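See structure below.
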Amino acid sequence: MFSALINTIKPRPSVATIQADVLAGLTIGIIALPLSMALAIASGVPPQHGLYTAIVAGIVIALTGGSLVNISGPTAAFVVVLLPIVQKFGIGGLLLSGLIAGIILIIMGVSKLGTLIEVVPYPVTVGFTAGIAVVIATLQIKDFLGLTVEAVDGHYIEKVGAIIRALPSITLADFLIGLLSLLVLILWPRFRSKVPGHLVAVLLGALAAVLVQKISPDFVAATIGSRFHFELNGLQGSGIPPILPSLNWPWNLPGADGTPVGLNWNLIHDLFPSAIAIAVLGAIESLLCAVIADGMVGSRHDSNDELIGQGIGNVLAPFFGGIPATAAIARTAANIKAGGRSPIASIVHGLFILVAILILAPLLSYIPMASMAALLLMVAWNMSEAKHFIRTVKVAPGSDVAVLLICFSLTVLFDMVIAVGVGMSLAAVLFIQRSISLTTATKVEGRNQEYGELPAAISLYDINGPLFFGSAQKAMKNITSVTPDVRVVVLDMTKVNMIDMSAIMAMETICRNLEKNGLGLVINNLQPRMILTLRKAGLRKQAGKVEFSRSLAEGIEKAKEML
């Protein structure tokens, strides 16, 4: 923990490095300001909660995590899992689920699971991200077209049906503003400007909405100010409250029925599956982001520290109104390209957003909802990795394609809780399946320079690879099926690098079967730590029955003696 901060202050950064980090932080703050609001809205909560997340989680994770350059905050990967929580449990339930997810992330980091999370198969992550992108893009159609939809909830098919039924209610003003913002987002990168396209798209969208409305009063586009309202000291306001995030117990915030959600075991039980999905998604996203960042700057992150930092940030953020957060790949890449090389950039980005809330809150209420939708449509397209998805379907082995399509389909058609559970299970199945294929047990025949010609009464098997619950039975099943003239079996275990309890049971079964048939067993060149494991399990040297050797030549000699 705090490895990123320690690596920043030791060695002491130069003035030029600090200046570069400050400028990078301001750049990322400009990008994150509209994006954090858009992601909060897409998650079903008022936009200020996205800003609070970028401030609190962004700063805390930068100080406590294991990556120097990761920028954390609300991300598109969470939208699909957060929106159903808000619809069922309200904002109070959402913040409480984020708190539980933070605790899970800390446990994962303390348990040294960071390396394991980093090796989640590529088809699983692509299936998740592509599915999330499809759902996010679908949900943005409502605000992009200015539709009047009775309720965009339920499963994906129900949401699509509700949007299709609402198509006749399209609002021209919202559509034109959304189209303008989307075109800016698509075309702006061609100008190679240092000004972020997100900012330009939102500003032009807001200016167009205000100016056209002055010319034609009937041209009214929905904005943050017209959609969201707040109460401050008994006074009603529109848009975002111009105040700092304040400390509040998450369980005191309203549930779906408008009353405080409270804190009880039944609620924790109901939120726990969603919290696991948030934690797993956050772990995958943050560590993937850290790996990409390492490749861009030539640094090395600490995966376990990163999980702990993500956990601490997600534990603290809900007490200040923050929703679940993780490292954002696009913002991190932009930070690196802008010159950011330390957590100072993330801290500055959080402070910039804090100042923007205090100073620019009244102006932020003019941002059109259609511009926010266009922003998320672009985010969805970028995260979909359509080219990689199609390429994987074309060139990957059949099992990988099946996993990809299953993860994608479950994410879109059901929900992320199911998708994460099945996806991680499929990742484990793929790992076990391919590990099993690496383990072989081959009968060795013919003459060898090391031990000469094998007598017909001795049968030699070369065991190659790890012996665990998936591979032990496969490797050992044919060893006891020997010809009648064989009296001693030699197992060359030089290339065996692991033995678990299933392998020990398989070895015991072999010993019993061979002993029952009057055959001897020689175990050759097994590593000392594994010999010790077998001895603890009761599999020891027995004169004339079980012998251990340190070289194949010695093993063959012992086998001949046993004859």
- Note on the structure: In the range 233-256, anything touching a Gly at 6+ places or on another chain (Cβ under 8 Å), aliphatic (A, V, I, L, M) and open to solvent by less than 60 Å² (accessible area, probe 1.4 Å) is listed as Leu253
- With respect to the numbered conditions (1) buried (at least 20 other Cβ atoms within 10 Å of the Cβ); (2) outside any helix (DSSP H, G or I), which one is the sole condition not fulfilled by Ala373? (2)
- Query: Out of the range 264-276, which residues are among the hydrophobic types (A, V, I, L, M, F, W, C) and either closer than 23 Å to Gln48 by Cβ or open to solvent by less than 40 Å² (accessible area, probe 1.4 Å) (or both)?
  - Reply: Leu267, Leu271, Ala275
- Query: When both residues are 6+ apart or on different chains and their Cβ atoms are under 8 Å apart, which pairs have a first residue that lies in the range 503-524 and is under 15 Å from Tyr461 (Cα atoms), and a second that is of a type in the set (Ser, Thr, Tyr) and surrounded by fewer than 19 Cβ atoms within 10 Å (Cβ to Cβ)?
  - Reply: Ile510/Thr480; Leu514/Thr480; Asn524/Thr494; Asn524/Ser551
- Task: Filter the range 419-435 down to residues that are open to solvent by 70 Å² or more (accessible area, probe 1.4 Å) and not basic (Lys, Arg), then give me how many there are.
- Result: 3
- Report, by residue number, each residue of the range 329-341 that is outside any helix (DSSP H, G or I) and surrounded by 23 or more Cβ atoms within 10 Å (Cβ to Cβ). Gly340
- Message: Show the residue pairs meeting these rules: Cβ distance below 8 Å; 6+ apart or different chains; first residue within the range 142-159 and without any contact (Cβ under 8 Å) to a residue 60 or more places away in the chain and among the hydroxyl-bearing types (Ser, Thr, Tyr); second residue in a loop (DSSP other than H, G, I, E, B) and open to solvent by less than 30 Å² (accessible area, probe 1.4 Å).
- Response: Thr148/Ala166
- Item | Any pair with Cβ under 9 angstrom, 6 or more apart, that starts in the range 254-265 at a residue that is free of Cβ contacts under 8 Å to residues at least 24 places away in the same chain and ends at one that is among the β-branched types (Val, Ile, Thr) and surrounded by 10 or more Cβ atoms within 10 Å (Cβ to Cβ) | none
- Counted residues in the range 294-328 being of a type in the set (A, V, I, L, M, F, W, C), over 30 Å from Gly262 (Cα atoms) and surrounded by fewer than 24 Cβ atoms within 10 Å (Cβ to Cβ) come to 2
- Task: Check whether at least one residue in the range 480-494 is aliphatic (A, V, I, L, M), open to solvent by 10 Å² or more (accessible area, probe 1.4 Å) and at pLDDT below 85, and report yes or no.
- Result: yes
- Go through (1) surrounded by 13 or more Cβ atoms within 10 Å (Cβ to Cβ); (2) assigned to a helix (DSSP H, G or I); (3) in contact (Cβ under 8 Å) with a residue 40 or more places away in the chain one by one and return the number of the condition Ile163 breaks. (3)
- Task: Considering (1) at pLDDT 95 or above; (2) closer than 25 Å to Thr115 by Cα, say which one Phe319 fails and leave the rest.
- Result: (2)
- How many residues does the range 251-303 hold that are of a type in the set (S, T, N, Q), farther than 21 Å from Val45 by Cα and more than 20 Å from the chain's Cα centre (by Cα)? 3
- Query: If you go through the range 532-546 one residue at a time, do you hit one that is among the small types (Gly, Ala, Ser), within 18 Å of Ser459 (Cα to Cα) and open to solvent by less than 80 Å² (accessible area, probe 1.4 Å)?
  - Reply: yes
- Query: Which one of these does Phe469 not meet: (1) open to solvent by 50 Å² or more (accessible area, probe 1.4 Å); (2) over 30 Å from Pro273 (Cα atoms); (3) at pLDDT below 80?
  - Reply: (2)
- Message: Out of everything in the range 359-370 that is outside any helix (DSSP H, G or I) and closer than 10 Å to Gly205 by Cβ, what residue ends up being most open to solvent (accessible area, probe 1.4 Å)?
- Response: Tyr366
- Any residue at all in the range 491-512 that is acidic (Asp, Glu) and touching an Asp or Glu at 6+ places or on another chain (Cβ under 8 Å)? yes
- Message: From the list Val110, Val119, exactly one residue is modelled with pLDDT of 90 or more and surrounded by fewer than 19 Cβ atoms within 10 Å (Cβ to Cβ). Which is it?
- Response: Val110
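For every residue, the table says whether it meets (1) more than 23 Å from Ala201 (Cα to Cα); (2) part of a loop (DSSP other than H, G, I, E, B); (3) open to solvent by 10 Å² or more (accessible area, probe 1.4 Å).
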residue: Leu23; (1), (2), (3): no, no, yes
residue: Gly29; (1), (2), (3): no, no, no
residue: Ala32; (1), (2), (3): no, no, no
residue: Ser36; (1), (2), (3): no, no, no
residue: Ile41; (1), (2), (3): no, no, yes
residue: Leu51; (1), (2), (3): no, no, no
residue: Ala54; (1), (2), (3): no, no, no
residue: Val60; (1), (2), (3): yes, no, yes
- Does the range 166-194 hold any residues that are open to solvent by less than 70 Å² (accessible area, probe 1.4 Å), farther than 21 Å from Val220 by Cβ and either of a type in the set (S, T, N, Q) or not in a helix (DSSP H, G or I) (or both), and which are they? Ser193
- Evaluate the range 391-412: report whether one residue or more is outside any helix (DSSP H, G or I), touching a Pro at 6+ places or on another chain (Cβ under 8 Å) and among the acidic types (Asp, Glu). no
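The values are calculated or read from the model by the stated rules, or taken from the named source; none is laboratory data. Just so it is clear, the structure is predicted and the values come from calculations on it, not from any experiment. Neighbour counts are summed over all protein chains in view; Cβ atoms, including those assigned to glycine, are modelled from backbone coordinates with ideal geometry. With ligands, DNA and RNA removed, areas are computed over all heavy atoms of the protein, side chains included. Shrake-Rupley method; radii C 1.70, N 1.55, O 1.52, S 1.80 Å.
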